[in-house]
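Notes for the one structure printed next.
No lab work stands behind these numbers, since they all come straight from the coordinates. All of these numbers come straight from a predicted model, not from anything done at the bench. Note that we place each Cβ from the backbone using ideal geometry, even for glycine, and neighbour counts take in every protein chain shown.
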Amino acid sequence: MGLKKRTRVSAEFNMSSLTDIIFLLLIFFMLTSSLVSPTAINLKLPSSSKSSTNASTQSPIKLSISKSKQFKLNGKRIKETQVNAQLGRAINRDGRSSNDITVILDIHERVDAQTLVSMVDMMNDYGVKMILATKVN
């Protein structure tokens, strides 16, 4: 008695489930990428103007941070906890608009990035112009 096998092995691959998974992944990444907002610091790039009489008569405020995180405001040593208050007093001392005040931030290259970011955030909170001083070798 000869029995035949009626089942054959099929060499086909069903792609419908794979396209569904790829479509769901595409939707997921599109939704999550729109929710993520980049955290960036708003920096104003330097520009020049023909009338520079305002800038030459007003002296900038200098905030320097040494390698050992010693803070100096206009050459006077201050504590790290007093930087915000002392800077606020220096900005408000002249009675000028905060848009007219320039702060030079002289920071050592070995100081951690978090200190730099917190100082830049502080300058942005006061709404002053900031110059980041760098050392050229």
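Given a cut-off of 19 Å, what percent of all Cα-Cα pairs of segment 60-133 lie beyond it? Cα-Cα pairs of segment 60-133 separated by over 19 Å account for 25 percent. Applying the Karplus relation 6.51 cos²θ - 1.76 cosθ + 1.60 with θ = phi - 60° to segment 13-19 yields 3J(HN,Hα) values of 10, 7, 8, 5, 6, 5, 5 Hz, where x marks Gly and Pro. Fewest-first ordering of PHE28, PHE71 by other beta carbons within 10 Å of each residue's beta carbon gives PHE28, PHE71.
Taking 0.36 nm per residue of separation and subtracting the current Cα-Cα distance, fully stretching the chain between ASN124 and THR7 would add 34.7 nm.
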